[in-house]
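Derivation of every value follows stated rules applied to the coordinates shown; laboratory data play no part. Bear in mind the structure is a predicted one, so any value in this text is a computation, not a measurement. In this analysis, Cβ positions are derived from the backbone assuming ideal geometry, glycine residues included, and neighbour counts consider all displayed protein chains.
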Amino acid sequence: MTHQQNLQHLDAVLLTLWVGSLWSIGYLAVPILFQAQPDKQMAGMLAGEMFRVQSLAGIVCGLYLLGRSGLMAGKAAMRQPFFLTIALMLALTLLITFGIQPLMAQLKAQALPLEVMQSALANKFALWHGISSILYLLESLLGALAVVLFFRTALPRN
């Protein structure tokens, strides 16, 4: 196996890690957690930690995939659908992680000693939670597109 093939396999693994974690955490683990955990505040804290770890994995994977695409194709990478899809996914991850999640954490802190959903900040928190959920869904759908685009170009054609 060549060095190039090894790197392509690493690309596939990291893309799978990122997109798989988006789908498995957001649409399997967290819904099951909220269904099974009677303490919704605890479920929310655990879900937040899962999303935090998932977003860090996404940032690492996204930066690697963008860097590798850039090294392989140079400036032409910025016109390739795969590169653009990964860049958009990474931008959404960064927006959610460093923009929306800290804002939601601030709202939770301001609501203390009440739970945020029992406070006057409940509507504001719900709005930002909804925006975050929509952006996460968009990132998840872009992830499916990225997988299709990756394998469309990576797999040999018959």
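Tabulated data for the structure shown
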quantity	calculated
For segment 142-149, Karplus couplings with θ = phi - 60° (6.51, -1.76, 1.60), whole Hz, Gly/Pro x	4, x, 4, 4, 4, 4, 4, 5
Principal-axis tilt of helix 81-95 within the chain, Cα atoms, nearest 10 degrees	20
In order through segment 102-107: 3J(HN,Hα) via Karplus (6.51 cos²θ - 1.76 cosθ + 1.60), integer Hz, x for Gly, Pro	x, 5, 5, 5, 5, 4
Contact order normalised by residue count of segment 92-158, Cα under 8 Å, 6+ apart, percent	34
Proximal lysines relative to K108, as straight alpha-carbon distance under 20 Å, when same-chain residues fewer than 8 apart are discounted	K40, K124
Modelled FRET efficiency - R0 35 Å, Q4 with L95, Cβ distances, 0.05 increments	0.60
Spin-label pair E49/A144, simplified geometry with 7 Å Cα→Cβ offset, distance in nm	3.1
Within the chain, helix-based [θ] at 222 nm, where runs of 4 or more DSSP H residues each add -39,500 (n - 2.57), nearest 500	-26500 deg cm²/dmol
Residue order, fewest to most surrounding Cβ atoms within 10 angstrom, among Y64, Y136, Y27	Y27, Y64, Y136
Cα centroid of segment 3-31 to Cα centroid of segment 59-78, whole Å	16
Over segment 1-125, equivalent-ellipsoid semi-axes from the Cα gyration tensor in Å	36, 17, 9
